[in-house]
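What follows is a short report on a single structure.
The values are calculated or read from the model by the stated rules, or taken from the named source; none is laboratory data. Bear in mind the structure is a predicted one, so any value in this text is a computation, not a measurement. Cβ placement follows ideal geometry from the backbone for every residue including glycine, while neighbour counts extend to all protein chains displayed. Heads up: the accessible areas ignore ligands, DNA and RNA and are worked out on the full protein's heavy atoms, side chains in. Shrake-Rupley method; radii C 1.70, N 1.55, O 1.52, S 1.80 Å.
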Amino acid sequence: MASVLGSTTEKLSELSINGNWASSAPNLHNNLGLFSPDQIELAKMLVEMGQSHLFEHWPEPGVDDEEKRDFFDQVTRLNASYPGGLVLYIKTARELLADSKAGKNPFDGFTPSVPTGEVLTFGDDSFINFEESGIREARKAAFVLVAGGLGERLGYNGIKLALPVESTTGTCFLQHYIEYILALQNASCGLIKGGCQTQIPFVIMTSDDTHARTLDLLESNAYFGMSPTQVKLLKQEKVACLDDNDARLAVDPHNKYRIQTKPHGHGDVHSLLYSSGLLNVWRDAGLRWVLFFQDTNGLLFKAIPAALGVSSTRQYNVNSLAVPRKAKEAIGGITKLTHADGRTMVINVEYNQLDPLLRATGYPDGDVNFETGYSPFPGNINQLILELGPYIEELTKTGGAIKEFVNPKYKDATKTSFKSSTRLECMMQDYPKTLPPSARVGFTVMDTWLAYAPVKNNPEDAAKVPKGNPYHSATSGEMAIYRANSLILKKAGMPHRQPNTAGVQWTRGRSVASHHMESKMGADFFRD
């Protein structure tokens, strides 16, 4: 024990750590001899940031020493994976929690208006021209799929990328996306005289929940025909949970030597791309575009070429894919916000924030449909096209950090304690919040039948959706693909018979297609 105490005293002297530790975190102070100088620096940081409670139940040296070292291994990871480290995370959390308690409006001082964008009609001359331009540009693009979630909300216990897009072939979403990228690659290279050997990069952002299973799905299927060197997996880390308005880090209820963590959100994709070095590799290879998309929208790639053509033709730094949106529909609206001080930004505003924002800024009716039958604010579908050069410039300034928010669930109106721990979150589509006014930010609106049919709801939840609103279930997503294929064939002049979703044979409330999917995926996917 004497040697441990001597080692501790020596380390503290080297790190200029004074005796105040004995009073602020005595249990930690007694154990400092177990740790490296870097770990002691982290311990000092935690105490200085008001996190002494993390060590209240630590026993004397010699008891659970490995668990104590594991604690600082976790702290090291949490500190390294967050831009600015845990100090910035805790400071930001305190600011956002104070704003939340005070009921501060994040859009205070901003006035909404409809931004500039392109509205396309499938099959007309404008659409065809943009699509041809987009196919030419595809060989200069990289694709990034954010796929950090499981299919639990759908009643499926695997990764969502393994779900079948449709049941006629059983093609899973990951295969579906890869085959589309390869088709674009071949079509784009085919426009080059003599062809080209370009391989379009494909990045998948995973999480602890999905990483191993995504890799296994790729490897067990020979990457679905794509070269393994084209595919990169970037795993996002979770962030520390917060116990109260003072941003005290939450101890894991199952392990006193661990900080409780939760997902940070798909906005992490920007910091992961920046820290990976891939963006500079792509720029040096002559790439110009980065396309971001999410994991269960089987229609998306029917719209991507034309949208990419819009980005190229209009020289957009940021292009958000969108669909026509009904007023008050549960989908965010692409909105231009102008602050009283002259600042402007074009971003997604969530549907539950857009209506009160409009009412508070001179629009007494709030979010309403225009004579077109739709809201003038296009519906955001979280598919982004970014110009690579300006994207690198911006991330060089920010490190890929995205403006965050916090959404604590308070126990009562005093807003002094939480029902459960919370954390900071960030969203991929909030990237434009930090852009200068000179940035060229726009949108491309496509017909919903062509571009948007996400699979998000299990059958029980889909059945509760109000009549007239999209179900966003596996069955509706599958039928949307059949319908889109039929409409495309019709516009191309091919004879066809359009599927009639109302006339599909139903058994116990489920379509034949659903039964076929159930046999493939297991009874846990579709339940009565």
Open item on the list: For segment 151-168, give me the residue count where each residue is touching a helix residue (DSSP H, G or I) at 6+ places or on another chain (Cβ under 9 Å) and open to solvent by 40 Å² or more (accessible area, probe 1.4 Å).
Closed with: 3
Task: Options G298, G366; residue that is open to solvent by less than 70 Å² (accessible area, probe 1.4 Å) and without any contact (Cβ under 8 Å) to a residue 40 or more places away in the chain - done: G366
Task: segment 97-134 - residue that is buried (at least 19 other Cβ atoms within 10 Å of the Cβ) and among the aliphatic types (A, V, I, L, M) and, of those, nearest to V318 (Cα to Cα) - done: L120
Open item on the list: I'd like to verify a number: residues in segment 436-451 that are open to solvent by less than 10 Å² (accessible area, probe 1.4 Å) and assigned to a helix (DSSP H, G or I), how many?
Closed with: 2
Task: Pick from segment 194-245, criterion among the hydrophobic types (A, V, I, L, M, F, W, C) and free of Cβ contacts under 8 Å to residues at least 24 places away in the same chain, ranking: surrounded by the most Cβ atoms within 10 Å (Cβ to Cβ) - done: L215
Open item on the list: Go through segment 393-435 and report how many residues are more than 19 Å from the chain's Cα centre (by Cα) and surrounded by fewer than 20 Cβ atoms within 10 Å (Cβ to Cβ).
Closed with: 15
TODO: Quick one: which residue in L78, L46, L42 is among the hydrophobic types (A, V, I, L, M, F, W, C), in contact with a strand residue (DSSP E or B) (Cβ under 9 Å, 6 or more places away or on another chain) and open to solvent by 10 Å² or more (accessible area, probe 1.4 Å)?
DONE: L78
TODO: For segment 51-67, state whether one or more residues are at pLDDT 95 or above, in a loop (DSSP other than H, G, I, E, B) and crowded, with 18+ Cβ neighbours inside 10 Å.
DONE: yes
Task: Extreme residue, farthest from S476 (Cα to Cα), among residues of segment 127-143 that are outside any helix (DSSP H, G or I) and either touching a helix residue (DSSP H, G or I) at 6+ places or on another chain (Cβ under 6 Å) or polar (S, T, N, Q) (or both) - done: A142
- [ ] Using the structure shown, decide if S476 is under 23 Å from Q383 (Cβ atoms), modelled with pLDDT under 95 and over 22 Å from the mean Cα position of the chain (by Cα).
- [x] yes
Open item on the list: Condition first: out of contact with any Pro (no Cβ under 6 Å at 6 or more places or on another chain), open to solvent by less than 40 Å² (accessible area, probe 1.4 Å) and under 15 Å from M428 (Cβ atoms). Can you find one or more residues in segment 332-340 that meet it?
Closed with: yes
TODO: Please enumerate the residues belonging to segment 183-193 that are among the hydrophobic types (A, V, I, L, M, F, W, C), out of contact with any strand residue (DSSP E or B) (no Cβ under 9 Å at 6 or more places or on another chain) and either open to solvent by less than 30 Å² (accessible area, probe 1.4 Å) or at positive phi (or both).
DONE: C189
